[in-house]
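Structure, as structure tokens:
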Amino acid sequence: MWKFDIEKASRNVPKSVYLNFDELDKIERTEMPNECLDNARDWLLIACYTGQRVSDYLRFNSSMIVKDDENQSYIEFNQVKTGTKMQIPLLQKVQNILLKRGGEFPRKISDVNLNLYIKDVCEIAGINEILYNGKVMTIEREDLPRITRKVFGCYPKYQLVTSHIGRKSFATNFYEKIPITYLLNFTGHKTERQLLTYISKTDVEKAKSTAKIFKSLGY
């Protein structure tokens, strides 16, 4: 009788890549060996605590910051992709980075260089869980032009980190922790269905979150 190997099949299903709160804390606490990596680390943390696209968060500067009558800081900007006007609160983690830098955002950096540096940042911080996923690689071919394609395999997580990981990390980490309407306001998604494409919780993580909710209700 034909037998389906569930364990083997599950290893061949790409696992979504995001940075959880424990990993973000490790990245924040790890001392970087030079200014370039320290700068990239701060941009990575800003990405993960604002939930914005790389085309937006790399434009952030102190002139975009406003405060309300309770001295809460926000950042105002128009999303490049949608043109949506955004005003989102700056979480304490982001404010700590600004405080460290004299009220300014990290030094400007290109998306290409950020992608390179944050892999080093995460490797130094020990973000090395082995995941099955695709990694963009350049393939040499004899007598033919080189091609770039996504090659699936098992890689340490730091090799899979890109500048887009912040949006997925924010959505996943804060899903079920804050009301969905607030999360939508933060990310700029129009519908919950759009937002859910960014949620990377495994079935086990979802079950644990559900159990905690019911436990808090006394069941």
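Radius of gyration (Cα atoms) of the range 42-168, expressed as a multiple of 2.2 N^0.38 Å: 1.27. Cross-link check: pairs 15/93; 81/168; 15/119; 93/157; 85/119 evaluated at a Cα-Cα cut-off of 25 Å; pairs beyond the cut-off: 15/93; 85/119. The residue among 86, 96, 16 whose Cα reaches farthest toward the positive pole of the charge dipole of the range 1-126, with charges on the beta-carbon of Lys, Arg, Asp and Glu, is 16. Relative to the globular-protein estimate of 2.2 N^0.38 Å, the Cα radius of gyration of the range 5-87 stands at 1.49. Residue by residue, the range 64-71 carries 3J(HN,Hα) couplings of 7, 7, 10, 10, 8, 6, 9, 6 Hz when phi is fed to the Karplus relation 6.51 cos²θ - 1.76 cosθ + 1.60 (θ = phi - 60°); x denotes Gly or Pro.
Under 5 Å from the amide H of residue 131 lie the amide H atoms of 155, 157, each residue being 5 or more positions distant or on a separate chain, with H modelled from the backbone and absent for Pro and chain starts.
What's the FRET efficiency of residue 132 with residue 107 using the Cβ-Cβ distance as r and R₀ = 41 Å, to the nearest 0.05? Working from the Cβ atoms, E equals 0.70.
With only Cα atoms counted, the range 69-114 has Rg and Dmax values of 12.9, 39 Å.
Just so you know, all these numbers are worked out from the coordinates, no wet-lab data involved. Given the structure is predicted, the values throughout are model-derived calculations rather than measurements. A quick note on method: Cβ atoms are made from the backbone with ideal geometry, for glycine too, and the neighbour counts reach across all protein chains shown.
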